[in-house]
Structure formats: C-alpha cells, structure tokens
Amino acid sequence: MSPKQPTTVLPGNPHAAPAGKGGDPGEGRIRCPLCRWEPRVWDRWLCTACKHTWNTFDTGGVCPGCLMQWTATICLRCRKWSPHSDWYPKD
C-alpha cells in the first residue's frame, strides 16, 4: 500500500512506547528506522487528505482530523518513508 493511501480506523495508539527504558541512550525511544532521528513532542506531520497537522506518534499514525490510518511515516530529517510500525522499539 502506498503511504499516500491510508485506510480508516478508530483512533488509538497500539504501539505506545516509553520515552526511555533506562538503558543505553535512545533505547526504547521512537525513532526513524533509516536515520535514527528521534521526533520531538512538538514535531508535526500533515495529513494530505484533510490538511490536519499533528504529532503522528501521539495517535499511532491515525489522523485525528479524518481518522485515516497512515501505514507509513516520512522522516522529518532524512525525508524518506518507512512503515509507521518500524519507528517503535522492538521488545
């Protein structure tokens, strides 16, 4: 599925991750799987369907404006798309 063709789901955050686990720096944090950039709480993404801006990690990739589920997320640093689920730490 193309990152520009999200599907509709109910809002929620099935992949909530802690800010850190207390181990190595950056361990347990949401980050770009390609360049390892860590988004900050004030960073915003734009839903091209409804033009709403929000922090996609607050909602697990669900736009609160139109409830579209974004299965891919663009990195604000390297500008590359990757699956949204790949941004969350693996247990």
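Read the figures in this text as sums done on the coordinates, not as results from a lab. Note that the structure is a prediction, hence the values are computed from the model and not measured. For neighbour counting, all protein chains shown are included, and Cβ atoms are generated from backbone atoms with ideal geometry for every residue, glycine included.
Distance between the 7 Å Cα→Cβ label points at LEU46 and CYS66: 1.3 nm.
Under 5 Å between amide hydrogens, built in the peptide plane, is the criterion, and for ALA72 it picks out HIS84 among residues at least 5 positions away or on other chains. Most tightly packed first, judged by the mean number of other beta-carbon atoms within 10 Å of their residues, the peptides 34-45, 75-86 read 75-86, 34-45. Karplus-based coupling profile of region 47-53, in residue order and whole Hz: 7, 6, 7, 10, 6, 6, 10, with θ = phi - 60° in 6.51 cos²θ - 1.76 cosθ + 1.60 and x standing for Gly or Pro.
Put simply, the amide H of TRP45, placed in the peptide plane, has neighbours under 5 Å in TRP54, ASN55, THR56, leaving out anything fewer than 5 places away on its chain.
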